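> Input: one structure, supplied below.
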Amino acid sequence: MNLEDIIKETKTYYCLECGKCTAVCPVSRYNSNFSPRFMLERALMGFGDELIHDRELFSCLACYACSKLCPSDVDYPVFTQKVRNLASGEGEHGDCAHSGTLHTLMRLMSRSDIKQRRLDWLDGCRTSEKSEVLYFVGCAPYFQPVFEDIEVNPVNIARNSIKVLNALGIEPMVLPNERCCGHDLLWTGDVETFKKLAQFNAQMIKESGAKKLVFSCPEGYRTFKIDYPRYVELDCELMHITELLAQNLSTLSLRAKRSNPEVKLVTYQDPCRLGRHLGIYEPPREIIKAIPGIKLVEMEHSGDDSICCGTSAWTNCSSYSKEIRVERLSEAKATGAELMITACPKCQIHFKCTMADKGAEKGSDIKMEVMDLVNVVANAIDI
Amino acid sequence: MHRENRHKSVLVIGGGIAGIQASLDLANMGFKVYLVEKSPSIGGRMAQLDKTFPTNDCAMCILAPKMIEASSHPNIELLTYSEIEKVSGEIGKFTVKIKKKASFVDWNKCTGCGLCLEGCPVIIPNEFDQGIGKRKAIYMLFPQAVPRKCVIDKREERPCKAACMDACPVHTNVPGYIKLIAEGQFKEAYKLIRETNPLPASVGRVCYAPCQEACNRGQLDEPLCICDLKRVPADQWNIEELEVPVVAETDKKVAIVGSGPAGLAAANDLALRGHEVTIFEALPEPGGMLRVGIPEYRLPKEILRQEIDYIQKLGVEIKTGVQVGKDITLEKLKKDYDAIFVAIGAHGGMKLGVEGEDIPGVMEGIGFLRATSLGEKVDVGKKVAVIGGGNTAIDCARTAKRLGAKEVTIVYRRSRTEMPASEEEVTAAETEGIKIEFLTTPSRFSTGNKKLAKMECVRMKLGEPDASGRPRPIPIRGSEFTVPVDTVIAALGQVPETDFAKKLGVSLSKRGTIEIDVRTGGTNVERVFAGGDVVTGPAFVIDAIAAGKKAARSIHQYLNGQPLEGEEPGKEPEKFSQAEIEDRKRRFPPRNKVEMREGPVKKRVQDFREVALGYSLEEALEEASRCLAGQIEGCIECHECERRCEPEAIVYTMKDETIALKVGAIILASGLGLYDISSLTEYGYGKIKNVITAMEFERLTAASGPTMGALKRPSDGKLPVNIAFIQCVGSRDFRNKTYCSSVCCMHATKEAMLAFEHHPGTKSTIFYMDMRAVGKRFQEYVARAKKDYNATYIRARPGRIEVNAENDNPIIWYEETTSGEIRSFEAELVVLAQAMVPQITQDLAEILGIELDENGFVEVPDKLLQPLDTTRLGIFACGYVHSPRDIPDSVTQASGAAGRTAEAIAGGK
């Protein structure tokens, strides 16, 4: 596939060069080298080579703020994904943060002979060998050692997800040899490895006999729902845990923590993959509103207007990413909220990372408590 | 088909400029044209514009002559406020069914004078002004409407019978003024009440409110507190600001004897008709019973003074301290004045007829109240007995309490059931500690220490009804008892003192009341009229006002040498049937009335402060919102327009009418609609106040618009001198309308020029995609905007509009596409060029049997060779409904369609 094919397939020739995308792009706001419109323009004007070798090709967060309002209906993230695939064929991969550890882990999981010991954290959770429901854990166990120092405990999210499912009377299956969903590799151009991961996952899930897959990670959910069907066949109902919880609020009899008689103000960060990618805005809000002792105040940009947490696929994480986060945290602070609730483990990691960075730049002294919604629910029902 | 057989007539659908042009072309060719338009007037979108490009001529100045030409052309029949229901047949022989919507105004009588509009209490956002301005339920579409007629926007039936209006002796427009109160229009409410009652604030404190008895809501839960609401406008607005109208003076002089409510009402109405009025009042203060009969704690004198003051401002002279019959004779008045109205009321007290009633300390009630209200010193002692059972007796008792009496007892010869005093008054008296001895009558008063000391009473029982219809009280022998008293006030009733009228030969009844012709208020003596308590005996304030107004009407006719027409009697108040009660209970959840708060008892009896505290603003709005008539949108049938319409053109019972027309061909010219852009949430339309649409901007700058042409921005009415225009909002957009709306590049440029003309120096910044200036001299127009009108063009499509909370300025975020920089731009006003859509529904397309394309424009069978045809033979299309285009192109197409149509049906005979 070459660039012309990509343009034809994605119909990006409709682009009118109006600049609406760039005007709302969170990256463009700080990084003057990046402009979705400019990237497209180079592709359309025959500067494909320049485009493929531009570092900024890997700066797009695929947050969909642009395509949501593009008058020419251009799907810029999909265009980027395909061009990145082309670029990877020419040795361009973007800069993977954390010295490439995380992508390496994902690639390792694409080996057929890998045996993982990834379920030691299951104490206190009730799982089952055979259930209609399968809880897809995602990379939480691997993130745990990498990000423990900034007080993110991804494994807690996984643990609490299962405990909350237990409270609903569900004892889900978990795959002992689950693979990474492949989101990050797909979005950085490594379609081949992605395919392998997808195939392994699909195979194991089929063998498990699961009918319903529950995710606590929006990226895994989006990838299974939108990207997998192109490569594998999976006959399961897919759900994010917030959707499931929102359907069962009465069963979850939420009680406020005894030590907290006052009402705490909280705000909610819509994860891009849950919000603009999948259109899920209300269920997390319904859950927050049902929890006594906290009151939701919306940030200036919320819902489908939300602003991304600033880094995608661990790639091209830079000072611009930090500026995006600092502004978003300022918005959260401006609501008067003491706690920012998210529904994506990566959002949490990125925000906490910026707050932990003791650099001297403006605004990096913002302090805001950040918690995953599943943990908030788990606290509220005292499990 | 043979052309001879084709009807030589055409139906043109849509009265905009294209429809008008096509109609004129065809009419001038000799064809009969039916021009159907669904709104009340022709003119279409062009009538909403301020100016038109590229000449910047005033739109209405160009349009109006065409509208007049169309309406007066012998071959054109205008059918406005009408819609197409059915089309059958084929080219040359169509039959079209048209529904003429009920306008509730007889257009054969309506002169377009607009007097009806002023009184209508229903205020609605004006669609012609894009919701910026307001109109009434009865309205004319715009000032230059053709035809120049009003229509009533009646959407639902009024849910009640307006029994209040029928029960009121002066037929005050109750639903109207309550609606105005509910809308916060207090000055208008006061003026509306004043149409029928010159003393709203005073009457709103003392009326016996037959309207409330009749109120249909009372059949569901509780009647509206109409009386309490009547004083609200005066509470919420300063009535001393009421303007005095300029009235042409006649050379007639009228004398009014007595300045009570009857005299004041007559004076008010006669002065408003230009006559010179003089009131002769025997007492030192004007107002009659309102002033000297009703105590201060029920009706503060200051309120009454303000309302009497206004009547004097109208030119009425009140001469106090002049008693007709003593200081001046009735004969002299008859010589000096062209007409006389006798309204002296009934101020004579009645004697008890009991031994000892001449002992000092036994006083007559009316005199007691009069003395107190005129500020004279009255000593009531400690133990007071008030004889009587009417409102006067209660007034005397409560007044005595306030003057320091320790014990006050009312002695009444019948029981509570027969007591004529109103329930509220009796309750108020008992709350204030006043005792009532029922079935008791005094038989003798006696002294002790040369002063009044004892009252002997006898108990009564009720026997057969007497002349008044009430049971006759019969003393019970042996039930006599004595009570100590130091003051007795007899409040047995009032009689008029009419001896002075005998000399003129005015006919009096046995009771001493003046006899009149009840239809006109005239006495048997020419030039002399009478009304109020002097005619009826003691009655209510509102009855006196009604009598005064009736007499004024007759006097006016008499002075003009016209025959005296009595008023037609009104109809009886109607009640809901049981079925209607069930239905209304279903539709309207029960709501209790808002009680009038009263001052705390212990404090209020110490002086004469007003007891009723008046509704707060919230209470007033809440109570007003209970009115059933006001529950609906649109006309509430309050009859105010009917009252003011001199040609008598209002017809509430009008129905839609269906007619059938035979035409040979049809031209569709239904024009353009405006796309709803609130779905483009990134621009904040509907959320950010100073983000408006282009059509709203036109209405702001148009001289006949809601701000009379003042460019005022929504948040604070300030003149914006830094305006941003954003193009292609909803157009050229795969998510909304994919096509280009064609005219916006030019109209934004025009609007930038208009803004500069309104205020030289105004800076306009236009955010565009391309500048589509495709007509003759259009590109030069754009160049002129840059050169002479301070317009800057930036190539960008903004991504988002935020707002500066400090000054409500919108902030635009965009990428400057020639440099790639992201910038923000703060403007004082943002104007969005909203997409325009063909104004035709799928329903109408089906009725016409034509196809529309995927964007709703008329589908054309052959774009190259038959561009004005539709997919049905004999139906042609032109203007925006055909394809996006500006006015000159629409007019061109209209003439083209006329040509095509003529070709289709001409020929033969």
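Rule-based calculations on the coordinates, nothing more; no lab input. All figures in this text were calculated on a predicted structure; none of them were measured in a lab. Cβ: placed from backbone, ideal geometry, glycine included. Neighbour counts: every protein chain shown.
> Check A:V370: other-chain or 5+ apart residues with amide H under 5 Å from its amide H, H built from backbone geometry?
Result for A:V370 returns A:M340.
> Give the value in nm², to one decimal: projected area of the alpha carbon convex hull of the stretch B:685-811, averaged over all directions.
8.2
> Going by a ≥ b ≥ c, the root eigenvalues of the Cα gyration tensor, does the stretch B:392-449 fall in the rounded group (a/c under 1.5), the prolate group (a/b larger than b/c) or the oblate group?
oblate
> Along the Cα→Cβ direction, 7 angstrom out, place labels at B:R470 and B:R416. What is the inter-label distance in nm?
1.6
> Under 15 Å Cα to Cα from B:K571, which aspartates and glutamates show up? Leave out anything in the same chain fewer than 8 places away.
In chain and number order, the partners are B:D166.
> Find the centroid of the Cα atoms in the stretch A:211-246 and in the stretch B:304-327, then give the distance between the two in whole Å.
For the stretch A:211-246 versus the stretch B:304-327, the Cα centre distance is 88 Å.
> Which percent of Cα pairs goes in each bin when the distances of the stretch B:93-185 are cut into 10 angstrom slices starting at zero?
Percent of Cα pairs in each bin: 13, 37, 33, 13, 3, 1.
> Can I ask one more? Report the FRET efficiency, 1/(1 + (r/R0)^6), for A:K212 and B:K86, where r is their Cβ-Cβ distance and R0 is 56 Å, rounded to 0.05.
The computed FRET efficiency comes out at 0.55.
> Any idea what the alpha-carbon Rg over 2.2 N^0.38 Å comes to for the protein assembly as shown?
Against the compact-globule rule of thumb, the ratio is 1.27.
> Once each part is reduced to its C-alpha centroid, what is the distance from the stretch A:299-377 to the stretch A:15-53 in angstrom?
If you average the Cα positions of each part, the centres end up 25 Å apart.
> Also: Give me the three principal axis extents of the stretch B:758-820 from the C-alpha atoms, as integers in angstrom, largest value leading.
Sorted from largest, the Cα extents of the stretch B:758-820 read 43, 31, 19 Å.
> Evaluate E = 1/(1 + (r/R0)^6) for B:E456 and B:V601, where r is the Cβ-Cβ distance and R0 equals 22 Å; express this FRET efficiency to the nearest 0.05.
Working from the Cβ atoms, E equals 0.10.
> So, one more: Reported to two decimal places, what Rg/Rh ratio describes chain A when computed on Cα atoms with Rh from the Kirkwood expression?
0.96
> What is the mean number of Cβ atoms from other protein chains located within 10 Å of the Cβ atom of each residue in peptide B:730-738, rounded to a whole number?
4
> Long-range amide H contacts for B:G348: which residues qualify at under 5 Å (H placed 1.01 Å from N, peptide plane, sequence gap of 5 or more or a different chain)?
Under 5 Å from the amide H of B:G348 lie the amide H atoms of B:V495, B:E497, each far enough along the sequence or on another chain.
> Among B:Q578, B:A490, B:G133, whose Cα lies farthest out toward the positive end of the dipole of chain B, if unit charges sit on the beta carbon of Lys, Arg (+1) and Asp, Glu (-1)?
Farthest along the dipole direction, towards plus: B:A490.
> Another question about this same structure. Can you give the mean number of other chain Cβ atoms that lie within 10 Å of the Cβ atoms in peptide A:186-196?
Counting Cβ atoms of other protein chains within 10 Å of each residue's Cβ and averaging gives 0.
> Could you state the angle between the C-alpha long axis of helix B:261-272 and the longest principal axis of the C-alpha atoms of chain B, as a value from 0 to 90 degrees rounded to the nearest 10?
In chain B, helix B:261-272 runs at an angle near 40 degrees to the longest axis.
> What is the Cα radius of gyration of the stretch A:84-234 over 2.2 N^0.38 Å, N being its residue count?
Normalised by 2.2 N^0.38 Å, the Cα Rg of the stretch A:84-234 equals 1.06.
> Starting at the first residue of the stretch B:144-161, write each ³J(HN,Hα) from the Karplus equation 6.51 cos²θ - 1.76 cosθ + 1.60 with θ = phi - 60°, in whole Hz, x for Gly and Pro.
Per-residue couplings from phi come out as 9, 4, 10, x, 7, 10, 9, 10, 9, 7, 9, 9, 9, 6, 4, x, 9, 8 Hz.
> Moving on. Over chain A, what is the percentage of antiparallel beta bridges among all DSSP beta bridges, to the nearest 5?
10
> Residues with amide H under 5 Å of B:E364's amide H, sequence separation 5 or more or different chain, H placed in the peptide plane at 1.01 Å from N; which?
Here the answer is B:A490, since their amide H atoms fall under 5 Å of that of B:E364.
> Estimate the FRET efficiency between A:E237 and B:E118 by the formula 1/(1 + (r/R0)^6), using the beta-carbon distance for r and 45 Å for R0, to the nearest 0.05.
Approximately 0.10, to the nearest 0.05.
> Ordered by packing density, taken as the mean number of other Cβ atoms within 10 Å over each peptide's residues, highest first, how do A:19-30, A:366-377, A:338-349, B:845-856 rank?
Taking the mean over residues of other Cβ atoms within 10 Å, the ranking is A:19-30, A:338-349, A:366-377, B:845-856.
> If you don't mind, another one. Assuming 0.36 nm per residue, please report the length gained on full extension of the stretch B:K776 to B:T250 beyond their Cα-Cα distance.
Additional length available on full extension: 183.1 nm.
> From the phi angles alone, apply the Karplus equation (6.51, -1.76, 1.60; θ = phi - 60°) to the stretch B:722-733 and give each ³J(HN,Hα) in whole Hz, x where the residue is Gly or Pro.
Using θ = phi - 60°, the values come out as 9, 10, 10, 10, 10, 8, 6, 8, x, 9, 6, 9 Hz.
> How big is the Cα convex hull of the stretch A:297-383 in projection, averaged over all directions, in nm²?
Result: 6.3 nm².
> Another question, if that's okay. Rg/Rh for the stretch B:832-909 to two decimals, with Rh computed the Kirkwood way over all alpha-carbon pairs.
1.00
> I've got another one for you. Please tell me the relative contact order of the stretch A:1-79 in percent, rounded to the nearest whole number, where contacts are Cα pairs under 8 Å and at least six residues apart.
That works out to 39 percent.
> Could you sort the peptides B:885-897, B:422-434 by per-residue average Cβ neighbour count (10 Å cutoff), highest mean leading?
B:885-897, B:422-434
> Checking the table A:K322/B:K737; B:K134/B:K593; B:K161/B:K510; B:K301/B:K502; B:K134/B:K253; B:K8/B:K51 against a 32 Å threshold on Cα-Cα, which pairs fail?
A:K322/B:K737; B:K161/B:K510; B:K301/B:K502; B:K134/B:K253; B:K8/B:K51
> While we're on this one: In the calculated pair distance distribution of the stretch B:511-640, what percentage of Cα-Cα distances lie above 17 Å?
Everything past 17 Å amounts to 75 percent.
> Taking the Cβ of B:R604 as the center, what net charge do the other residues with Cβ under 9 Å away carry, scoring Lys and Arg +1 and Asp and Glu -1?
In short, 0.
> Would you mind listing how long the stretch A:1-91 runs along its three principal axes, going by Cα atoms, in whole Å with the largest first?
Principal extents (largest minus smallest coordinate, Cα): 30, 25, 20 Å.
> Modelling each spin label as a point 7 Å along the Cα-to-Cβ direction, I'd like the A:S319/B:Q631 distance in nm, to one decimal.
With each label placed 7 Å out from Cα toward Cβ, I get 6.8 nm.
> So, one more: Show me B:668-675, B:595-602, B:613-620 ranked by packing, highest mean number of other Cβ atoms within 10 Å first.
By packing density, highest mean first, the sequence is B:668-675, B:613-620, B:595-602.
> Using bins 10 angstrom wide from zero, how does P(r) for the stretch B:154-301 break down, in % of all Cα pairs?
10, 34, 36, 16, 4, 0
> Based on Cα coordinates alone, diagonalise the gyration tensor for the stretch B:238-327, multiply each eigenvalue by 5, take square roots, and list the semi-axes in whole Å, largest first.
22, 18, 8
> Any idea how far apart B:N807 and A:K130 come out in nm if each label point goes 7 Å out from Cα toward Cβ?
7.4
> Along the Cα-to-Cβ line of A:D73, 7 Å from the Cα, sits a label point; which residues in the stretch A:6-29 have backbone N less than 13 Å from it?
A:10-15
> Another question, then. Helix B:578-587 sits at what angle to the longest principal axis of chain B, using alpha carbons and giving 0 to 90 degrees rounded to 10?
60
> Just counting partner chain Cβ atoms within 10 Å, what average do the residues of peptide B:792-798 show around their Cβ?
Mean partner shielding for this stretch: 4.
> Run through every distinct alpha carbon pair of chain B and return the Kirkwood hydrodynamic radius in angstroms, one decimal place.
32.9
> Here's something else I'd like to know. Quick one: plug the Kirkwood hydrodynamic radius of the stretch B:367-497 (C-alpha pairs) into Stokes-Einstein at 4 °C, 1.567 mPa s, and report D in µm²/s.
85
> How big is the charge dipole of the stretch B:809-909 about its Cα centre, in debye rounded to the nearest 20, if each Lys and Arg gets +1 on its Cβ and each Asp and Glu gets -1 on its Cβ?
My answer is approximately 600 debye.
> Still on this model: For the stretch A:78-103, list residues with backbone N below 16 Å from a point placed 7 Å from the Cα of A:E9 toward its Cβ?
Counting only backbone N, you get A:78-90.
> Moving to a separate point now. Can you tell me the mean projection area, over all orientations, of the convex hull of the stretch A:183-259's alpha carbons? Units nm², please.
Mean projected area for the stretch A:183-259: 7.2 nm², to one decimal.
> P(r) for the stretch B:25-136: what percent of alpha-carbon pairs falls in each 10 Å bin, starting at zero?
Percent of pairs per bin, in order: 11, 30, 38, 18, 4.
> What are the principal axis extents of the Cα atoms in the stretch A:60-168, in Å, biggest first?
49, 33, 32
> What aspartates and glutamates does B:K93 reach when the alpha-carbon gap must be under 16 Å and sequence neighbours fewer than 8 apart in one chain are set aside?
Those aspartates and glutamates meeting the cut-off are B:E4, B:E903.
> Could you work out the relative contact order of chain A, using alpha carbon pairs under 8 angstrom and six or more residues apart, expressed as a whole percent?
Relative contact order for chain A comes out at 18 percent.
> Moving on to the next point. Would you list, by chain and number, the lysines whose Cα falls below 29 Å from the Cα of A:K212, excluding same-chain residues fewer than 8 positions away?
The qualifying lysines are A:K115, A:K130, A:K163, A:K195, A:K196, A:K225, A:K289, A:K346.
> Using a cut-off of under 20 Å, list every residue of the stretch B:222-254 whose amide N is near the label point 7 Å from the Cα of B:L617 along the Cα-to-beta-carbon line.
Counting only backbone N, you get B:229-242.
> Which whole-Hz ³J(HN,Hα) couplings does the stretch B:182-196 yield from phi under the Karplus relation 6.51 cos²θ - 1.76 cosθ + 1.60, θ = phi - 60°, glycine and proline marked x?
My calculation for the stretch B:182-196 gives 4, 8, x, 9, 6, 5, 5, 5, 4, 5, 5, 5, 5, 4, 10 Hz in order.
> For the stretch A:129-233, what does the relative contact order come out to in percent, with C-alpha contacts under 8 Å and a separation of six or more?
It rounds to 39 percent for the stretch A:129-233.
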